[in-house]
Each structure stands twice: as C-alpha cells, then as structure tokens.
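Asker: Handing you this structure, nothing more for now.
The values are calculated or read from the model by the stated rules, or taken from the named source; none is laboratory data. In this text, all values refer to a predicted model and were calculated from it rather than measured experimentally. Note: areas computed on protein heavy atoms with side chains; ligands, DNA, RNA excluded. Shrake-Rupley method; radii C 1.70, N 1.55, O 1.52, S 1.80 Å.
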Amino acid sequence: MQNMNNTQYFKVEKEPEISVKEVLRIVYEALLEKGYNPVNQVVGYIMSGDPTYITSHNNARTLIMKVERDELVEEVLKEYIANNSWK
C-alpha cells in the first residue's frame, strides 16, 4: 500500500518543438505521396481554415493544425523573398 504522507510526482513530457518550415516540408511531402497538388491543397487550407484540405497521411493534418495559418503565410513569404534576392 502507498504511503499517504508522501507526495506523488507526475511528469508530462513535452513534444519536441518543430519549426513552421519543417511542418510545411512534411505536409508538402505527404500531399505529394498521396497524389495531391501540395500548393493547391495548402492554399485551400490557408484560405479556408478547413483541415480536410490536408491529408492525414504521415500525421500531416495534425501537424499543420498546430501552426497558426498566418505563421504559414509568413514562412512562405520569408522563403520567397529570401530566394528571390529582395533583401
């Protein structure tokens, strides 16, 4: 029987942080693997907020829902600007 005079400890493990860039990469690959046009699907999700635009394959839907849609737009725009030498 447990000793009722001692405090029990419960530790919750945090999920590792994943960058927005990595989420987009995983989602993009999952959509490609399932035969979808990743650009169209991600744009549909960003515009509507409807997670059914994103496949559940490889946990892509769950991952993308952990990121705010404005963060997705920001990441895409930052990459676009960096890759087109606008800086």
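Asker: Which of 14/66; 34/78; 21/78 have a Cα-Cα distance over 21 Å?
Answerer: 34/78
Asker: Taking H as built 1.01 Å from N, whose amide H comes closer than 5 Å to the amide H of residue 18, not counting residues under 5 places away?
Answerer: It is none; the list stays empty.
Asker: Taking a temperature of 4 °C and a viscosity of 1.567 mPa s, what whole-number D in µm²/s does Stokes-Einstein yield for the chain with Rh from Kirkwood over alpha carbon pairs?
Answerer: In µm²/s, the coefficient is 86.
Asker: Mean Kyte-Doolittle hydropathy of -0.5 or higher plus an axial Cα length of 18 Å or more: which whole DSSP H helices in the chain meet both?
Answerer: The qualifying helices are 20-33.
Asker: How would 42, 27, 76 line up by accessible area, probe 1.4 Å, largest first?
Answerer: These residues rank, largest area first, as 76, 42, 27.
Asker: For the chain, what's the relative contact order in percent, using C-alpha pairs closer than 8 Å and at least 6 residues apart?
Answerer: Across the chain, relative contact order equals 26 percent.
Asker: Helix-only estimate, please: 222 nm mean residue ellipticity of the chain, summing -39500 (n - 2.57) across DSSP H runs of length 4 or more and dividing by its residues, to the nearest 500.
Answerer: It comes out at -16000 deg cm²/dmol, rounded to the nearest 500.
Asker: Report, as a whole number in µm² per second, the diffusion coefficient that Stokes-Einstein gives for segment 37-87 at 10 °C and 1.306 mPa s using the Kirkwood radius over alpha carbon pairs.
Answerer: Using the Kirkwood radius from Cα pairs, D works out to 136 µm²/s.
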